[in-house]
Ligand code: FES
């Protein structure tokens, strides 16, 4: 009997750069959400039986992910030699990567390729604005490895087969970009270009974008303070209501919630692994699409693997205007550890 691996669980860790590669490879498992700046696991793929027949596609997607945020668990099963031979014929690359010389050899997922952590950090720190690749933070905030890489010329950057592959797809998509393409399509191509332009040494196609990437005049620093309009706008909300106007704000969006006696700003980052939950007004809860964590309307976690409530940001008044300052957070370490939310800077009384 031979053995083979089947994927039973797949998840996404923080750091997705919304490059679209995983959804292209396994569209029924991954959904890239440009509007939320992340990728989620489709609900059907939370089921082990759904994932098992999609093992190869999931492993391929994990292999192709430029920032290695796709993770999966496998189980090993015994199969007949004939079945192993059929699998090997369908997936010769996977078999050889696992060291199988014969068709009946056991099939194992290929080992993830080494990715330079500096490239990962660099890609994770980039975004696209106005067609330009920009850094979300100044280089001075970057690890030394990233600063070192920023000084290299494109020809000195390390090649990576996965980067070349996605860059090729980016080019192909750009060629067939139709008039009236959706925003999602445009962002998808731009998002890929953002990542690959920085490291496109294989084809040299990213030189121009790379030059923009490195040009000092495109470095941008986000202001942690967000002006959110007059207090009266939030006082008018019913207790329990959630304002979503600032969910898309980069690099860290938030919800403004109205409670009986106060308003507060909740971070939109799930405290499990960093996906972005959705506010479900009919269910009165925030629901994370990645692994099912649920948070009450006040941000307290009550279902799923999230270990603690949604974080809160400093909020205060400037005259009559509400300001949210994302440079200061208030962290409750568990559902009953919310005393920190009574810090005067964590809410505005209404
Ligand atoms: Fe896992 Fe939200 S990231 S439940």
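The values are calculated or read from the model by the stated rules, or taken from the named source; none is laboratory data. Since the model is a prediction, treat every value here as computed from it, not as a measurement. Quick reminder, even Gly has a Cβ in these numbers, built from the backbone with ideal geometry, and neighbours come from all protein chains shown.
Selection of the range 271-291 for residues being within 11 Å of the ligand (Cβ to nearest atom), farther than 18 Å from residue 70 by Cβ and assigned to a loop (DSSP other than H, G, I, E, B) yields 271, 277. When residues in the range 237-251 are screened for being modelled with pLDDT of 95 or more and within 19 Å of residue 318 (Cβ to Cβ), 3 of them pass. Looking at residue 260, is it away from the ligand (no atom under 15 Å from the Cβ) and within 18 Å of residue 340 (Cα to Cα)? Spelling it out, residue 260 is indeed away from the ligand (no atom under 15 Å from the Cβ) and within 18 Å of residue 340 (Cα to Cα).
When the residues of the range 69-94 are filtered to those that are free of Cβ contacts under 8 Å to residues at least 60 places away in the same chain and crowded, with 18+ Cβ neighbours inside 10 Å, the one that is nearest to residue 1 (Cα to Cα) is 88.
Residue 302 passes every criterion in (1) within 16 Å of the ligand (Cβ to nearest atom); (2) farther than 21 Å from residue 245 by Cα; (3) part of a loop (DSSP other than H, G, I, E, B) apart from (3).
Looking at (1) in contact with a helix residue (DSSP H, G or I) (Cβ under 8 Å, 6 or more places away or on another chain); (2) touching a residue at least 60 places away in the same chain (Cβ under 8 Å); (3) surrounded by 21 or more Cβ atoms within 10 Å (Cβ to Cβ), which one does residue 275 not meet, given that it meets all the others? That leaves (1) as the condition not met. Out of all the residues in the range 9-19, is one or more part of a helix (DSSP H, G or I), within 16 Å of the ligand (Cβ to nearest atom) and buried (at least 19 other Cβ atoms within 10 Å of the Cβ)? Within the range 9-19, not a single residue is part of a helix (DSSP H, G or I), within 16 Å of the ligand (Cβ to nearest atom) and buried (at least 19 other Cβ atoms within 10 Å of the Cβ).
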